[in-house]
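Trainee: To start, I am sharing the structure in question, which I have written as structure tokens.
FYI, it's all coordinate maths here, none of it is from the lab. As the structure is a computational prediction, the values presented were derived from the model and not from experiment. For neighbour counting, all protein chains shown are included, and Cβ atoms are generated from backbone atoms with ideal geometry for every residue, glycine included.
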Amino acid sequence: MAVVRIPALFQPLAGGATMVRASGATLLDVIDDLERQHPGFRDRLIENGAIRSEVIIAIGSDEAAGLAAPVGEEDEVHLLPAIAGGR
């Protein structure tokens, strides 16, 4: 199972957990398993069949190209909410 790293913004959805194990061959599969375990993640991560524009998802150290991106059993999936700001 892949390890999904949960940032502080999303930890309330995961009961405060900083990481969750989720299974799946693709990023969409992993998100669906994450949703099964902790409802609410899918809506925060996916919009109109694609990764939401305000979220970056990395598999290992590479940004996921899309929901069909392959995820290995030993991969780490990082959920990174976009940071906005400035003047």
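Trainee: Show me 9-16, 26-33 ranked by packing, highest mean number of other Cβ atoms within 10 Å first.
Mentor: For the peptides 9-16, 26-33, the packing ranking is 26-33, 9-16.
Trainee: Taking θ = phi - 60°, what integer Hz values does the Karplus form 6.51 cos²θ - 1.76 cosθ + 1.60 yield along the range 22-33, in sequence order, with x for Gly and Pro?
Mentor: My calculation for the range 22-33 gives 9, 10, x, 8, 10, 4, 4, 4, 5, 5, 4, 5 Hz in order.
Trainee: What range in the chain is the longest one free of GluC sites (Glu not before Pro) that are in a loop by DSSP and have at most 15 other Cβ atoms within 10 angstrom?
Mentor: 1-53
Trainee: Still on this model: From the list (1) 12.9, 39; (2) 18.8, 65; (3) 12.1, 42, can you say which value of Rg and Dmax of the Cα atoms in Å was derived from the structure given?
Mentor: (3)
Trainee: Give me, ordered by chain and number, the residues 5 or more places off residue 64 or on other chains with an amide H under 5 Å from its own placed amide H.
Mentor: 57, 58, 59
Trainee: While we're here: If contacts are Cα pairs under 8 angstrom and at least 6 residues apart, what is the relative contact order of the chain in percent?
Mentor: 35 percent
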